[in-house]
Every structure is written in structure tokens, then in C-alpha cells.
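Shown next, in C-alpha cells, is the structure this report addresses.
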Amino acid sequence: MHPPRILSGIKPTGQPHIGNYFGMMRPAIEWQERGEAFYFIADYHALTSVFDPAKLREYVRGVALDFLACGLDPAKAVLFRQSDVPQHTELAWLLSCQTPMPMLENCHAYKDHLAKEKTPSHGLFAYPVLMAADILIYDANVVPVGKDQKQHVEVTRDLAHKMNALYGPIFTVPEASILPTLATIPGLDGQKMSKSYGNTIELFPEEKTLRKKIMGIVTDSTPVEAPKDPASSSIVALYRLFAPPAEVEKMEVDFRAGGTGYGDFKKRLFGAVWDFFAPQRARRAELEADPGYVDGVLADGAQRAGAIAEKVMQRVRTAVGLRH
Ligand code: AMP
Ligand code: TRP
């Protein structure tokens with residue numbers, strides 16, 4: 001059997017956080033061993049919320065560095081910037097001509113925006129269509145993402161079926177790959193970790209910043225001496241991601257026993273997070289010292305991704321009647 005084609009994207013709307021890491025980056029890095037992997041920095045998508053050009057450039061670079069530092073290997077996976085392959089937006093237009101408005105009205109990113117009584121832009125409304133184009137333009141089979149993206153992959157599948165029914169089998173129908181273990185990583189306040197909630201823990205902050213963030217995790221007011229419930233604690237939920245099982249068990253026992261305050265548990269969590277990212281931090285420092293490296297990786301990625309995207313686009317242009 002042909003190895004699967006894997007595709008995923010991450011928005012450069014800030015520094016990647018541990019929700020991104022466990023939900024998408026680490027699974028993506030694991031997938032690079034198992035097929036042809038394409039990972040991109042979704043800068044067109046970021047334009048729905050980042051309006052500062054200097055910041056956008058900074059975030060794009062930061063995402064590339066973080067991803068490479070965490071183990072994305074350009075010899076195994078293609079890393080590129082979305083806007084280096086403008087065929088994504090071309091395909092998005094063709095797809096949008098077959099996208100029923102109600103399908104987009106039903107998408108949660110748009111609904112959340114409305115619920116906050118903000119006025120969504122057309123770009124935000126049409127975002128799932130661009131995301132469908134991102135996926136379909138590479139004939140992707142597998143899309144490793146966090147749980148919050150499941151609905152968008154469903155939209156992609158619906159659009160692929162619709163186009164195939166209308167024009168013949170032009171698209172591969174992809175599947176989302178979502179890790180069941182902790183599909184949604186909690187943030188400092190216990191809600192889903194998300195840049196828009198301001199509750200994130202980034203992968204490579206200064207030691208002081210990281211400690212401050214972790215010490216700021218929201219807890220209830222159970223006194224030090226009282227027993228505490230490990231199952232409802234985001235400290236334990238996060239610790240589970242970073243510490244070996246025996247340490248996690250010890251924390252759970254200490255929670256139930258009482259006599260240990262949340263501050264103490266947070267210190268343990270801080271230690272585990274800091275140690276966990278130590279090798280990646282060293283690697284990131286090395287990569288940063290060679291400014292041309294990231295540019296080279298992205299330029300090479302753009303070329304490799306662009307060649308495939310153009311081939312698929314030619315097939316689609318012909319199928320819909322834009323070309324012979
Ligand atoms: P974004 O920053 O929205 O571009 O997200 C990039 C990837 O990280 C997507 O696959 C998301 O599903 C995933 N992700 C973001 N936040 C979380 C979270 N709190 N838990 C799990 N996955 C997440
Ligand atoms: N919408 C995704 C997110 O917010 C990012 C993304 C854009 C993406 N295009 C994609 C993910 C294509 C997977 C495949 O996380």
C-alpha cells in the first residue's frame with residue numbers, strides 16, 4: 001500500500017503553547033515516520049486575527065523554530081508557509097462556490113465569535129473553506145489535529161464528497177486523527193488552553209515566566225491540611241503530560257492524603273515542565289543561532305509543497321471547466 005499522505009497546519013497567532021504541542025505538534029512529529037508528511041504555518045488563517053505585520057512575521061518564525069526544535073525533521077516532513085503556496089486560496093474559491101452558507105453558520109469558531117457579540121469578518125466566516133482547501137490540495141489521507149478541529153475536518157470531508165459527486169473523483173477524502181488521551185489540554189484557568197483565553201503555557205518561556213504562570217494556575221480554596229480531589233485538578237491533568245507515571249501516582253496520593261498545599265504541587269509541575277522541554281530548548285537555541293536555517297527550510301518546503309499543489313490544481317481547473 002502507498003504510505004499515507006499526512007497534512008496539518010498551525011496558526012501563527014502567538015507562540016505555540018502546550019495545547020498545540022500535545023494536541024497537534026507532537027502527534028505530527030510522530031506521523032513523519034509513517035508517511036509523507038506536510039506541515040504548514042497557516043499565515044493566511046492568522047490574518048483573521050493578527051493585524052500587526054511585524055507580529056505576524058515574528059510568530060511565523062517562532063512557530064517554525066518551535067516545531068523544528070521539537071523534532072520536526074525537514075528530511076522527513078515538508079515544512080512550509082501557507083502563503084508561499086497561493087494555490088490554497090485559489091482552491092478555496094472553487095470550494096466556496098459549492099459551500100452552503102448554513103454549513104458555515106454551524107461552525108463553532110464563527111458561532112463563538114457571534115456569542116461574544118463581535119462582528120465576524122467574511123474571512124473568519126469562510127475560514128473552514130480555506131482549511132478544506134489546505135487539506136484537499138495535497139490529496140491528504142490523515143489530518144492530525146486537536147479535538148477542536150474535528151468539525152472543520154468534517155466540513156472538508158463533506159466538501160470533498162460534494163465536489164466528487166459533481167465533477168468526478170477529483171479529491172481524496174481525508175480523515176482526522178485525534179489522540180484520545182487528553183484531546184483537550186486545559187489551560188491555567190481550567191478551561192481549554194487557548195491563545196484567545198489568555199490561559200496558555202508556551203513551550204519556551206524564560207524560567208521566571210514559566211514559574212510565574214504555573215504558580216498562577218487557578219485552584220479552589222481547600223486548606224493545606226485538607227484532602228484534595230486529584231481528578232478535578234488541572235495541576236494533576238497537566239502533570240500527567242510531563243511526569244513519569246510513578247510521580248503522577250505520588251502526586252495523586254498526596255492530593256488525597258491532605259497536608260500538602262497547591263503551591264507545593266505547582267512547584268512539582270513547574271519542575272516537570274522545565275525538565276521536559278530542556279533538550280528542545282537547547283536545540284532551539286542552536287537553530288536560532290543560524291538565522292538562515294529556518295529560511296532555507298521554509299524555501300525548500302514551499303517548493304516541494306507548491307509542486308504538488310499545482311499538480312492537483314491543474315486537475316481541478318480542468319475538472320470544473322476553467323481549462324481544457
Ligand atoms: P491553532 O493554534 O488554533 O492553530 O491550533 C493548532 C493545533 O493545536 C490544532 O490542531 C488544535 O486542535 C491544537 N490545539 C490547540 N489548543 C489545544 C488544546 N487546548 N488541546 C489540544 N489541542 C489543542
Ligand atoms: N484551523 C486550524 C487551527 O486553528 C489550523 C489549520 C488551518 C489546519 N488549516 C489546516 C489544521 C489544515 C489542519 C489542516 O488549529
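Just a few scattered comments:
- For the stretch 200-261 versus the stretch 276-312, the gap between their alpha-carbon centres in whole angstrom: 34 Å
- Straight-line reach from LYS150: taking Cα to Cα under 14 Å and skipping same-chain neighbours fewer than 8 places apart, the aspartates and glutamates in range are ASP158, GLU175.
- Rounded, prolate or oblate (a/c below 1.5 giving rounded, otherwise prolate when a/b exceeds b/c) for the stretch 205-276 by Cα gyration tensor: oblate
- Taking every C-alpha pair closer than 8 Å and separated by at least 6 residues, the mean separation divided by the residue count of the stretch 205-276 gives a relative contact order of 44 percent.
- Efficiency of FRET from Cβ geometry, ASP112 and GLU175, R₀ 35 Å, rounded to 0.05: 0.90
- The aspartates and glutamates whose alpha-carbon is closer than 17 Å to the alpha-carbon of LYS118, local same-chain residues fewer than 8 away aside, are GLU105.
- Greater than 19 Å apart at Cα, pairs in LYS55/LYS147; LYS116/LYS192; LYS192/LYS250; LYS11/LYS267: LYS55/LYS147; LYS192/LYS250; LYS11/LYS267
- The shape of the chain can be summarised by an equivalent ellipsoid whose semi-axes, obtained from the alpha carbon gyration tensor, come to 38, 22, 18 Å from longest to shortest.
- FRET efficiency for the pair ALA289 and ASP229, taken as 1/(1 + (r/R0)^6) with r the Cβ-Cβ distance and R0 = 45 Å, rounds to 0.45.
- These residues, GLU90, GLU175, go from largest to smallest accessible area, 1.4 Å probe, as GLU175, GLU90.
- Stretchable slack from ASP275 to GLU105, in nm (0.36 nm times residue separation minus alpha-carbon distance): 56.8 nm
- Convex hull volume of the C-alpha atoms in the stretch 1-115, normalised per residue: 145 Å³.
- LYS311 accessible area, assembled protein chains, probe 1.4 Å, Å²: 150 Å²
- Largest accessible area first, the residues HIS122, HIS324 order themselves as HIS324, HIS122 under a 1.4 Å probe with ligands, DNA and RNA left out.
- You can think of it this way: the chain between ALA282 and SER221 has 18.2 nm of extra reach, that is 0.36 nm per residue less the Cα-Cα gap.
- Area of GLU286 that stays accessible when all protein chains are in place (1.4 Å probe, Å², to 10): 120 Å²
- Ordered by solvent-accessible area of protein heavy atoms (1.4 Å probe), largest first, the residues LEU287, LEU56 come out as LEU56, LEU287.
The values are calculated or read from the model by the stated rules, or taken from the named source; none is laboratory data. From a predicted model like this one, the values you see are computed outputs, not experimental measurements. Positions of Cβ are generated from backbone atoms using ideal geometry, with glycine treated the same way; all protein chains shown enter the neighbour counts. Protein only, heavy atoms only, side chains kept; ligands, DNA and RNA dropped before computing areas. Shrake-Rupley method; radii C 1.70, N 1.55, O 1.52, S 1.80 Å.
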